[in-house]
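Below you'll find the structure, written out as structure tokens, and then a few comments.
No lab work stands behind these numbers, since they all come straight from the coordinates. Please read these numbers as outputs of a predicted model, since none were measured by experiment. Neighbour counts run over all protein chains shown; Cβ positions are idealised from the backbone, glycine included.
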Amino acid sequence: MVIALFFRDDWIRPLLGDVLIVMVIAYFIHAFVAVSLRKIAIGTLVFAYTIELLQFFNIIDILGWRHSQLAHLTIGSTFDWRDLVAYTLGIAIVLFTTDRG
């Protein structure tokens with residue numbers, strides 16, 4: 001949330017922020033749900049891809065939320081294929097750093 005609110009650059013906000021947010025979501029859910037981190041990570045990636053697909057179809061405009069700052073912050077409004085790469089990288093980090101023992 002801090003990155004989204006205070007960084008207005010071309011690297012940290014759009015790329016590093018997306019890598020970190022999928023990691024945070026996966027670990028947060030795993031802290032409360034007794035499901036393997038691998039399954040949660042894959043579910044988180046599917047969720048992130050879905051949000052990005054909704055951006056591609058301009059869901060904010062369809063729902064009439066164009067002027068909602070909260071909608072822009074939580075859903076986003078601009079599709080960018082690089083976001084898909086960032087989400088994939090974040091989940092890959094989760095999966096490759098998970099104890100497999």
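See the values below:
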{"read-out": "Using alpha-carbon coordinates, inclination of helix 81-96 to the longest axis of the chain, degrees", "value": "20"}
{"read-out": "The chain shape via C-alpha gyration tensor axes, a/c threshold 1.5", "value": "prolate"}
{"read-out": "Length added when fully stretched, Ile62-Ser36, from 0.36 nm per residue minus Cα-Cα", "value": "5.8 nm"}
{"read-out": "On Cα atoms only, tilt of 37-56 relative to the major axis of the chain in degrees", "value": "10"}
{"read-out": "Cβ-Cβ FRET estimate between Thr97 and Ile75, R0 fixed at 30 Å, reported to 0.05", "value": "0.60"}
{"read-out": "Residue among Ser77, Leu16, Ile42 farthest towards the positive dipole end of the chain, charges placed on Cβ", "value": "Ile42"}
{"read-out": "Relative contact order for the chain, counting Cα pairs under 8 Å that sit 6 or more residues apart, in percent", "value": "38"}
{"read-out": "Estimated [θ] at 222 nm from DSSP helical runs (n ≥ 4, -39500 (n - 2.57)) normalised by residues in the chain, nearest 500", "value": "-20000 deg cm²/dmol"}
{"read-out": "Segments 30-41, 81-92 sorted - mean Cβ within 10 Å per residue, highest first", "value": "81-92, 30-41"}
